[in-house]
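Peer 1: Have a look at the structure that comes next, please.
What follows is calculated from the coordinates using simple rules that are stated; it is not laboratory data. Fair warning: this is a prediction, and the values are worked out from it, not measured in the lab. Every residue, glycine as well, gets a Cβ built from its backbone with ideal geometry; the counts of neighbours run over all protein chains shown.
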Amino acid sequence: MRSRPRSPARKAARLLVLPVMLLLAYPLAAIVFAVFPASGRPQQMTGGEPVLYVCASLAHTDILLPSHDPLIDWQALFPAAVPPGLPPETYLAIGWGDLVFFQETPTWADVKIPVALGALLGLHDTALRVIPVVPPVGDGNCRRLEVDRAGRQALIDRIVASLKRDPAGRTLEQPGSRWPVAYYLTTGRYGFFHTCNQWVASALAAAGFPHARFAPFSFGVTWPLPAD
């Protein structure tokens, strides 16, 4: 006997199962990796090392480093963001992401679906967004991190290595930079598995901090970090 042909509705339901499972698996995997992170290493603090910060919104994280640091000349690297005379206590908020999304989304109220999809599909260039800020002392959205000299150097090296340069070795400042916000072109493409938060988690891993191996969301960056 012949089996009854499947109805179009049943076929459509079966086709929807895999996308739905993937949508559920993505955040679930992010939670699991954040709850069970890779371990870091003990920071060998010798005194006098500056503290760093990680500041997070619901969807994005930035690393905050001192604007005046003997390990790196930020002014030479990011001249549009670090003008002469910048107060020595200033920090630089550095985040990686899709350039078009950065430029066209000053606030989350400005999110446009085509721009967001273009970012997730890796259709645009990527950039570092660099903003001079005051130290975020007491800011509940920021985590204070003590890092030793070797860890800070490794973190800086990751940031520097991500930058694209012209034939003369200069960093590539992008249109739309207007003090205090500056954009500098970087390598790599944004995507579902390489988000702004994944970039920060990888940078913190280089510095020796506990980290989620898969961190598409901001909680994947902040949950594994040591308490203040």
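Peer 1: Filter the range 141-156 down to residues that are touching a strand residue (DSSP E or B) at 6+ places or on another chain (Cβ under 9 Å) and either without any contact (Cβ under 8 Å) to a residue 60 or more places away in the chain or of a type in the set (S, T, N, Q) (or both), then give me how many there are.
Peer 2: 2
Peer 1: Still on this model: Taking Val115 as the residue in question, decide whether it is part of a helix (DSSP H, G or I), in contact with a Phe, Trp or Tyr (Cβ under 7 Å, 6 or more places away or on another chain) and within 19 Å of Pro175 (Cα to Cα). If you could, list the steps in order and put the result at the bottom.
Peer 2: Details: part of a helix (DSSP H, G or I): yes; in contact with a Phe, Trp or Tyr (Cβ under 7 Å, 6 or more places away or on another chain): yes; within 19 Å of Pro175 (Cα to Cα): yes.
Yes; evaluated as a whole, the condition is true for this residue.
Peer 1: Which members of the range 41-62 meet the condition of being under 19 Å from Arg213 (Cβ atoms) and either touching a strand residue (DSSP E or B) at 6+ places or on another chain (Cβ under 7 Å) or assigned to a helix (DSSP H, G or I) (or both)? Working first, answer last.
Peer 2: Initially, the range 41-62 is screened for residues under 19 Å from Arg213 (Cβ atoms), giving 41, 54, 56, 61.
Hits for the range 41-62 are Val54, Thr61.
Peer 1: Can Ala182 be described as surrounded by 20 or more Cβ atoms within 10 Å (Cβ to Cβ), of a type in the set (Gly, Ala, Ser) and touching a helix residue (DSSP H, G or I) at 6+ places or on another chain (Cβ under 6 Å)? Quick ask: steps written out before the conclusion?
Peer 2: Values: surrounded by 20 or more Cβ atoms within 10 Å (Cβ to Cβ): yes; of a type in the set (Gly, Ala, Ser): yes; touching a helix residue (DSSP H, G or I) at 6+ places or on another chain (Cβ under 6 Å): no.
Judged against the criteria, Ala182 is not a match.
Peer 1: OK, next. From (1) surrounded by fewer than 17 Cβ atoms within 10 Å (Cβ to Cβ); (2) closer than 18 Å to Ala80 by Cα, pick out the condition that doesn't hold for Glu173.
Peer 2: For Glu173, the failing item is (1).
Peer 1: Among the residues of the range 83-139, what is the count of those that are among the small types (Gly, Ala, Ser) and touching a strand residue (DSSP E or B) at 6+ places or on another chain (Cβ under 8 Å)? Even if it seems obvious, please write down each step before you answer.
Peer 2: Within the range 83-139, the first condition is being among the small types (Gly, Ala, Ser), and the residues that meet it are 85, 93, 95, 97, 109, 116, 118-119, 122, 127, 138.
If we keep only those that are touching a strand residue (DSSP E or B) at 6+ places or on another chain (Cβ under 8 Å) as well, we get 93, 95, 97, 118-119, 122, 127.
Final tally of qualifying residues: 7.
Peer 1: Moving to a separate point now. I'm checking my understanding of the structure. Among residues of the range 72-104 that are not hydrophobic (A, V, I, L, M, F, W, C) and not in a loop (DSSP other than H, G, I, E, B), which one is nearest to Asp125 (Cα to Cα)? Reasoning before the result, please.
Peer 2: Step one: of the range 72-104, the residues not hydrophobic (A, V, I, L, M, F, W, C) are 73, 75, 79, 83-85, 87-91, 95, 97-98, 103-104.
In the following step, the residues that additionally are not in a loop (DSSP other than H, G, I, E, B) were identified as 75, 91, 95, 97-98, 103-104.
Values: Gln75: 23, Tyr91: 26, Gly95: 14, Gly97: 9, Asp98: 6, Gln103: 11, Glu104: 13 Å.
The residue in question is Asp98.
Peer 1: If you take the residues of the range 109-122 that are touching a helix residue (DSSP H, G or I) at 6+ places or on another chain (Cβ under 8 Å) and not charged (D, E, K, R), which of them is surrounded by the most Cβ atoms within 10 Å (Cβ to Cβ)?
Peer 2: So in the range 109-122, the residues touching a helix residue (DSSP H, G or I) at 6+ places or on another chain (Cβ under 8 Å) come out as 110, 112, 115-116, 118-119.
Cutting the leftovers down to not charged (D, E, K, R) gives us 115-116, 118-119.
Details: Val115: 19, Ala116: 15, Gly118: 17, Ala119: 23.
Among residues in the range 109-122 that are touching a helix residue (DSSP H, G or I) at 6+ places or on another chain (Cβ under 8 Å) and not charged (D, E, K, R), the one surrounded by the most Cβ atoms within 10 Å (Cβ to Cβ) is Ala119.
Peer 1: Hey, can you tell me all the residues within the range 48-83 that are surrounded by fewer than 18 Cβ atoms within 10 Å (Cβ to Cβ) and either among the polar types (S, T, N, Q) or within 11 Å of the chain's Cα centre (by Cα) (or both)?
Peer 2: Ser57, Ala59, Gln75
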